[in-house]
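This report refers to the structure that appears directly beneath it.
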Amino acid sequence: MTNQSAMNGISRREPHFVLVPLTAQGHMIPMVDLARLLAEQGARVSLITTPVNAARIKAIINRVKESGLPIHFAELKFPCAEAGLPNGCENVDLIPSPYYYKAFFEATNHLREPLARYLRAQRPRPTCMITDMCNPWTADVARGLRMPRLVFHGPSCFFILCTHLMQQHEIYDRITDDFEPVLVPELPQPVEVTKAQATGFFGASGWEKLRSEALQAESTADGVVMNTFDDLEHTYIDLYRKVIGKEVWTIGPLCLYSKDLDNKAARGNKPAVDHQRLLSWLDSREPKSVLYVSFGSLVRTRPLQLIEIGYGLEASNQPFIWVIKDVERTSEVDKWLSEGFEERVSTRGLVIKGWAPQVVILSHPAIGGFMTHCGWNSMLEAVSAGVPMITWPHFADQFLNEKLLVDELRIGVAIGVKVPYYHLTEDGPSAAKRDDIAKAVSRLMDKGVEGEQRRKRIKELAEKATSTMEGRGSSVENIARLIQYASKHGNNDSDQEEE
Ligand code: UDP
């Protein structure tokens, strides 16, 4: 033990994880949960963040401090100016227009040196890095410090596996028509997708360099950590393990880390709705009667489509909570909401303008359905709460997540959108019309046999999700194995020279 670590009472064998999330809500929220789970099981954790993101998760940082968990939130300056980004644009949901996407990833790339400097200065030196799949630049940093590096995959294993197989079989190179249906090779049953639906991360044209760096960083990683659980997609987890030939730790659903209401409400941004008002609104509703409508943190629904959703919800006659993001509130949308819509639905509809405490809402007994964009965190949160879904995928992993949910697990009703959001034009027709929306809502909330069976299936999955995160559940055990791995293979010598 070094003098410094002896003074701190820290054993060299105690693993110290450094977690490097992509600064996007859907990537940071589960990493923060992972940090707390690792720390609760005895590891030290440094979670890399930036000033704007740290300010957003202040409530969580304060809770961690109060609890005494050994987690350090390390703030690195995000190089906005160097990359040509507007000041403060430190999270994907703050990117003002698609024009800045490349600059954002360029800026994350510039974090390489500051991260390496920060880690070199730590005593004892962190032993093992867990880094988001979208941060391939971390590979050099871990290599330089001779630290094992595990890739954290935020999406479903099903998506990761399908895109991996399509890549391996060169389907992306062979198929020239983005809308031609193709079979994903090697799967135990047929799964058909178009290239447009399954490009995956950095799959669009112009992103080849980042895509190849991400693939390279994945292939040289020491293992993979996934926010999923075995009972949900074990066939695909087993197959993925086989095709990559590496250790895969399934440690989800991470959302179940937050058990009490305050912890649930502290996830992500500060909620835009008063806690008591929300709870008393929900408490006044019949069990399983309310539809929750939200499309995650990144989708920006266009004004005409938003208004169409509103008409669909109105036509459905179902109680609902509908989340409209601040960035979606154009003057047209605000005018439409205030000049009639909100009044017409006032006895059964609640519109949240801004950030919603999603896990609080989903886990309330009044919620009976969730219209979702199929972001993996949202899906896991709904599965964990036993809430069936209407699936409306937009991009990235969402179309494949929908297939898992609707075709395989049979816990969702597809709204029927087949074309990714980026292929739609600003003033083109809506991807889903009010009638499609009203029909999907009535099918999902139906009290008949089909609806009951769907509810029964998801209730069983929710029970499995809970037990996997409790006692000796598989995800709890996998977290323990991950800590053992880092103790055994991690770089525990803080005085060791780098290459
Ligand atoms: N979320 C939330 N309130 C909102 C919007 C999103 O709490 O108003 C959370 C949601 O619970 C989930 C995450 O943000 O944990 C979004 O991740 P997901 O993978 O579902 O979608 P993404 O935003 O990455 O598209």
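Any read-out appearing in this document is the output of simple, stated calculations on the displayed coordinates, not a laboratory observation. Being a predicted model, the structure only gives us computed values, none of them experimental. Glycine gets a Cβ as well: all are built from the backbone with ideal geometry, and neighbour counts include every protein chain shown.
Listed values, structure above:
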| read-out | value |
| --- | --- |
| Tensor-based shape of the chain (alpha-carbon gyration tensor, a/c under 1.5 rounded, otherwise prolate or oblate) | prolate |
| Selection of trypsin sites (Lys or Arg not before Pro), the range 457-488, meeting DSSP coil and at most 11 other Cβ within 10 Å | 472 |
| Cα→Cβ-extended label distance, 7 Å offset, between residue 460 and residue 69, nm | 3.3 |
| The chain, relative contact order [Cα under 8 Å, separation at least 6], % | 17 |
| For the range 303-408, the spread of Cα positions along each principal axis, largest first, Å | 42, 30, 24 |
| Filter on 264/288; 246/325; 264/418; 77/209 - keep pairs with C-alpha separation over 30 Å | 246/325; 264/418 |
| Mean separation of Cα contacts under 8 Å (6+ apart) over length of the range 270-466, as relative contact order % | 26 |
| For residue 49, residues with placed amide H under 5 Å, excluding near neighbours | 74, 75, 76 |
| Karplus-derived 3J(HN,Hα), 6.51/-1.76/1.60, for each residue of the range 235-241, Hz, glycine and proline x | 4, 6, 5, 4, 5, 4, 4 |
| Greater than 21 Å apart at Cα, pairs in 403/456; 259/464; 335/439; 270/353 | 335/439 |
| Mean Cβ neighbour count within 10 Å, used as a protection proxy, ranking 284-291, 273-280 highest first | 284-291, 273-280 |
| Label-point gap, in nm, between residue 453 and residue 332 - each point 7 angstrom along Cα→Cβ | 4.2 |
| In degrees, nearest ten, helix 303-316 long axis to first principal axis of the chain (Cα) | 60 |
| Förster radius 30 Å - calculated FRET efficiency between residue 418 and residue 311, Cβ distance, rounded to 0.05 | 0.85 |
| Rounded to 10°, Cα long-axis angle of helix 25-40 versus longest principal axis of the chain | 50 |
| FRET efficiency, 1/(1 + (r/R0)^6) with R0 45 Å, evaluated for residue 304 and residue 208 via beta carbons | 0.85 |
